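First up is the structure itself, then whatever we jot down about it.
The values are calculated or read from the model by the stated rules, or taken from the named source; none is laboratory data. What you see is a predicted model, and the numbers here were worked out from it, not measured in a lab. Glycine gets a Cβ as well: all are built from the backbone with ideal geometry, and neighbour counts include every protein chain shown. Only protein heavy atoms, including side chains, enter the accessible area calculation; ligands, DNA and RNA are left aside. Shrake-Rupley method; radii C 1.70, N 1.55, O 1.52, S 1.80 Å.
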Amino acid sequence: MTDLSLTILPETPNDAQPIERLHERTFGPGRFVLSAYRLREHVDHINALSFTARIGTLLVGSVRQLPILIGDTPALLLGPLTVEPPFRARGVGRALLDRALADAKAQGHKLILLVGDEPYYSRVGFKKIPKGRVTMPGPVDANRLLVIELADGAFEDVGGPIRPDWSRARTA
C-alpha cells in the first residue's frame, strides 16, 4: 500500500448503494444463500463499526459489523470484508480489518465472529472455533468459523446458537 493514499472512514447511509454494487461485483448473487447473510436479513450492521476504504473519491473496499448473540452473549459478526480486485494484495483489506477491530474494542465490544479463511484472518488474531461449540442458522463449514477476543477470556464460557441481536432489529 506504499503508493496508495487510502482513507478509512465510518460507513454512512450514502455509502449503502456503492457498497451493494461492490458486493454484487465481488460476491455475486450466491451471497444471499450463505448462513452469514441469514443473520443480516433483519438486523442492520452498525455504521459506526463498519468502514469504507477510498482512494480519493473511489470506493475500493468495505467492511461491516453486525450485532449478534452467541447463546446469550453479545458479539459482533464481521463481514463482509471486500476489496475491489485491482486493489487486492495492497493492504486495503488489512487496513479495513485493523480499523474495525480497533474501533470495536474501543467501544467496549469483547468478541467478534466471522466466517472466513483462517490463513488470512489468523494474522490479526482470529482463531478457529472448536467444532460443535456454536451453531449457525444454516449450513456452514465449521473450519471457517473464527473468533477473536477483544478482552482476555471473553470466549471462555461462550457457546450455543448464533443469531441476530433482535433488540437491534429493523422496525420498518
- Any strands (runs of 3 or more DSSP E) falling wholly within segment 49-155 and containing at least 2 residues that are basic (Lys, Arg): none
- Message: Cβ-Cβ under 7 Å, sequence separation 6+ or interchain: first residue in segment 129-154 and over 20 Å from ASP98 (Cα atoms), partner in a loop (DSSP other than H, G, I, E, B) and open to solvent by 50 Å² or more (accessible area, probe 1.4 Å). Which pairs?
- Response: ALA142/LYS131
- Message: Can you find a residue that is under 13 Å from the mean Cα position of the chain (by Cα) and of a type in the set (A, V, I, L, M, F, W, C) anywhere in segment 117-131?
- Response: yes
- Query: Just one of LYS110, LYS127 is over 19 Å from ARG163 (Cβ atoms) and not hydroxyl-bearing (Ser, Thr, Tyr); which is it?
  - Reply: LYS127
- For ASP117, all conditions in the list (1) touching a residue at least 24 places away in the same chain (Cβ under 8 Å); (2) of a type in the set (Asp, Glu); (3) within 12 Å of ILE70 (Cβ to Cβ) hold save one; what is the number of the exception? (3)
- Flagged in segment 41-80 as at pLDDT below 90 and more than 18 Å from PRO18 (Cα to Cα), in numbering order, are GLU41, HIS42, VAL43
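If you scan segment 121-140, which residues turn out to be open to solvent by less than 80 Å² (accessible area, probe 1.4 Å) and closer than 19 Å to LEU39 by Cα?
In the first step, residues of segment 121-140 are kept if they are open to solvent by less than 80 Å² (accessible area, probe 1.4 Å); the result is 121-122, 124-126, 129-130, 132-138, 140.
Residues satisfying the conditions are ILE129, GLY132, ARG133, VAL134, THR135, MET136, PRO137, GLY138, VAL140.
Can you confirm whether VAL83 is closer than 21 Å to LEU39 by Cα and hydrophobic (A, V, I, L, M, F, W, C)?
On the way: closer than 21 Å to LEU39 by Cα: no; hydrophobic (A, V, I, L, M, F, W, C): yes.
Answer is no for this residue.
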